[in-house]
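For reference, the structure is listed below as structure tokens.
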Amino acid sequence: MSMKRGNHIQRLTDPERETALRSLPGWTYAPERGGCITCEFLFPDFVRAFGFMTQVALHAEKNNHHPEWHNVYKRVTITLTTHDAKGLSQRDIVLAQTIDEIYQGFSAR
């Protein structure tokens with residue numbers, strides 16, 4: 001699975017996407033905008049939800065790949081897609097895996 005060809009980020013093929021999504025339970029694929037994945041995360045309160053978002057934001061900024069998200073009280077909904085690839089790329093899969101790891105850390109508290 002190649003993330004870049006030259007300076008262009010490649011959109012995942014259907015088989016690549018299907019394989020990658022098997023490792024991301026809870027994430028839902030939608031074909032809109034060339035493909036995106038979405039997951040909802042629940043927390044005991046707003047402070048923990050905001051802390052989670054902060055950790056995800058720091059990681060996203062470091063890797064220059066930013067989520068689309070929505071927060072209402074203790075619920076955070078995240079959508080990932082790669083605009084440069086006009087759809088889902090390996091960058092989204094890696095970020096989703098990282099987001100899941102961050103969430104697991106919050107769930108363990």
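The values are calculated or read from the model by the stated rules, or taken from the named source; none is laboratory data. Predicted, not measured: the structure shown is a model, and the values here were computed from it. Every residue, glycine among them, receives a Cβ derived from its backbone with ideal geometry; neighbour counts consider all protein chains shown. Just the protein is used for accessible areas: all its heavy atoms, side chains included, with ligands, DNA and RNA removed. Shrake-Rupley method; radii C 1.70, N 1.55, O 1.52, S 1.80 Å.
Is at least one residue of region 23-44 under 25 Å from SER107 (Cα atoms), in contact with a Gly (Cβ under 6 Å, 6 or more places away or on another chain) and touching a residue at least 60 places away in the same chain (Cβ under 8 Å)? Within region 23-44, one or more residues are under 25 Å from SER107 (Cα atoms), in contact with a Gly (Cβ under 6 Å, 6 or more places away or on another chain) and touching a residue at least 60 places away in the same chain (Cβ under 8 Å). Could you check, for region 63-73, whether at least one of its residues is at negative phi, acidic (Asp, Glu), part of a helix (DSSP H, G or I) and modelled with pLDDT of 95 or more? No. Filtering region 54-109 down to residues that are farther than 20 Å from GLY34 by Cβ and touching a residue at least 60 places away in the same chain (Cβ under 8 Å), which residue is least open to solvent (accessible area, probe 1.4 Å)? Restricting to residues being farther than 20 Å from GLY34 by Cβ and touching a residue at least 60 places away in the same chain (Cβ under 8 Å), the top hit is ILE99. If you check ARG17 against the conditions, is it basic (Lys, Arg), touching a residue at least 60 places away in the same chain (Cβ under 8 Å), part of a helix (DSSP H, G or I) and out of contact with any strand residue (DSSP E or B) (no Cβ under 9 Å at 6 or more places or on another chain)? No: the conditions fail for ARG17. Tally the residues that are of a type outside the set (Ser, Thr, Tyr), open to solvent by less than 80 Å² (accessible area, probe 1.4 Å) and not in a helix (DSSP H, G or I), restricting the search to region 38-53. Counting residues in region 38-53 that are of a type outside the set (Ser, Thr, Tyr), open to solvent by less than 80 Å² (accessible area, probe 1.4 Å) and not in a helix (DSSP H, G or I) gives 4.
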